[in-house]
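Quick notes on the structure that follows.
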């Protein structure tokens with residue numbers, strides 16, 4: 001899909017003129033859009049694969065602990081930056097912690113993406129009824 | 001049994017060649033048109049390929065004039081059913097109401113540094129966790145951070161909504177996705193106000209970024225603003 005992306009000067013605002021991935025379309029296509037019960041039927045399968053675990057619940061013990069650890073680590077970075085500590089000790093420890101926390105967070109997201117991917121991948125062979 | 005897959009409803013017009021090449025065609029009735037393709041077998045697979053194909057078709061067509069996008073997986077029995085649908089007064093009403101409208105979706109996420117910001121007032125809990133990083137201390141601190149993050153999200157959402165208010169006809173607010181999710185909005189805007197929304201958001205990032213990152217998608221067909229509650233026929 002020839003979707004052009006551009007970013008704001010500082011890079012904090014990203015634009016896309018069209019939906020360009022599952023994350024963009026899942027909600028608007030599955031939960032929204034025109035439905036007129038009396039005249040049409042909605043008939044589809046595979047939604048479970050796409051939506052299971054999509055909504056990450058923030059309030060979990062797992063999240064609490066990650067947040068606590070990350071805050072601690074961000075503190076340490078701030079302190080070492082402020083005091084200009086020699087890199088040998090401080091950095092080694094920080095990057096270790098960072099790797100660990102990032103790994104945990106991204107691991108969660110990867111699991112979700114995998115699930116989404118699975119939904120697409122499984123069905124791609126026999127799905128050409130309605131398009132392209 | 002064959003059926004018609006419904007992508008959406010639009011005004012009578014020419015279908016772009018690349019959509020016709022994919023088997024899409026229009027069933028017309030009194031100046032309105034159902035965007036459909038033949039479907040051999042139901043149900044429709046809700047997979048990446050089909051979802052993106054549906055979005056691609058309605059978004060492509062919406063560039064040239066209003067499209068009321070159908071919910072994914074919507075089927076019509078035949079051409080007559082399509083014409084009956086097009087004859088509904090509410091369809092004309094929606095086409096007219098959204099004549100110059102588009103949807104923009106806006107999603108926001110925070111950088112991890114948001115945690116340091118929101119936990120600044122939580123020094124006693126942070127100190128306790130630094131001193132003894134036990135499970136209990138971690139949960140107590142994390143829970144407080146999570147609450148502070150919710151409050152920050154609510155604050156930023158207010159700021160964004162307030163700033164966009166002059167350009168937005170309607171808005172659907174959803175729970176943002178993920179631990180660092182900040183906001184998830186569907187905005188109904190006039191086509192000629194899209195640039196203003198863009199500019200307002202650009203201004204906003206000067207205030208709220210970092211740690212806020214925004215992603216703006218559109219102009220799209222008004223996916224989130226076409227709900228139609230009709231009683232079943234007697």
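The values are calculated or read from the model by the stated rules, or taken from the named source; none is laboratory data. On a predicted model such as this, the values are computed, not experimentally measured, just so you know. Here the Cβ positions follow ideal geometry from the backbone for every residue, glycine too, while neighbour counts run over all protein chains shown.
Laid out as a table, the results:
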quantity	calculated
Unmet requirement for residue B:148, which otherwise passes all of (1) buried (at least 19 other Cβ atoms within 10 Å of the Cβ); (2) part of a helix (DSSP H, G or I); (3) more than 11 Å from chain A (Cβ to nearest Cβ)	(3)
Residue, modelled with the highest pLDDT, within region A:1-32, restricted to residues that are facing chain B (nearest Cβ under 7 Å), over 24 Å from residue B:19 (Cβ atoms) and assigned to a loop (DSSP other than H, G, I, E, B)	A:12
Residue match in region B:88-100 (condition: crowded, with 22+ Cβ neighbours inside 10 Å and more than 21 Å from the chain's Cα centre (by Cα))	no
Matching residues in region A:33-91 - criterion: being touching a strand residue (DSSP E or B) at 6+ places or on another chain (Cβ under 6 Å) and either modelled with pLDDT under 70 or more than 30 Å from residue B:87 (Cα to Cα) (or both)	A:46
Yes/no for residue B:8 being crowded, with 17+ Cβ neighbours inside 10 Å, touching a residue at least 12 places away in the same chain (Cβ under 8 Å) and touching a strand residue (DSSP E or B) at 6+ places or on another chain (Cβ under 8 Å)	yes
Residue satisfying condition, being within 11 Å of chain A (Cβ to nearest Cβ), surrounded by 15 or more Cβ atoms within 10 Å (Cβ to Cβ) and more than 24 Å from the chain's Cα centre (by Cα), within set B:84, B:103, B:28	B:84
Near pairs, Cβ below 6 angstrom, 6+ apart or cross-chain, from region B:105-131 (free of Cβ contacts under 8 Å to residues at least 12 places away in the same chain) to any residue that is surrounded by fewer than 18 Cβ atoms within 10 Å (Cβ to Cβ)	none
All positions within region B:38-49 that are out of contact with any helix residue (DSSP H, G or I) (no Cβ under 8 Å at 6 or more places or on another chain) and buried (at least 21 other Cβ atoms within 10 Å of the Cβ)	B:39
Check on residue B:75, within 11 Å of chain A (Cβ to nearest Cβ), at negative phi, at pLDDT 95 or above and crowded, with 21+ Cβ neighbours inside 10 Å	no
Failed item, numbered, when residue B:200 is tested on (1) touching a strand residue (DSSP E or B) at 6+ places or on another chain (Cβ under 8 Å); (2) more than 20 Å from residue B:118 (Cβ to Cβ); (3) free of Cβ contacts under 8 Å to residues at least 40 places away in the same chain	(1)
Selection count, region B:202-228, where residues are under 19 Å from residue B:162 (Cα atoms), within 7 Å of another protein chain (Cβ to nearest Cβ) and part of a helix (DSSP H, G or I)	2
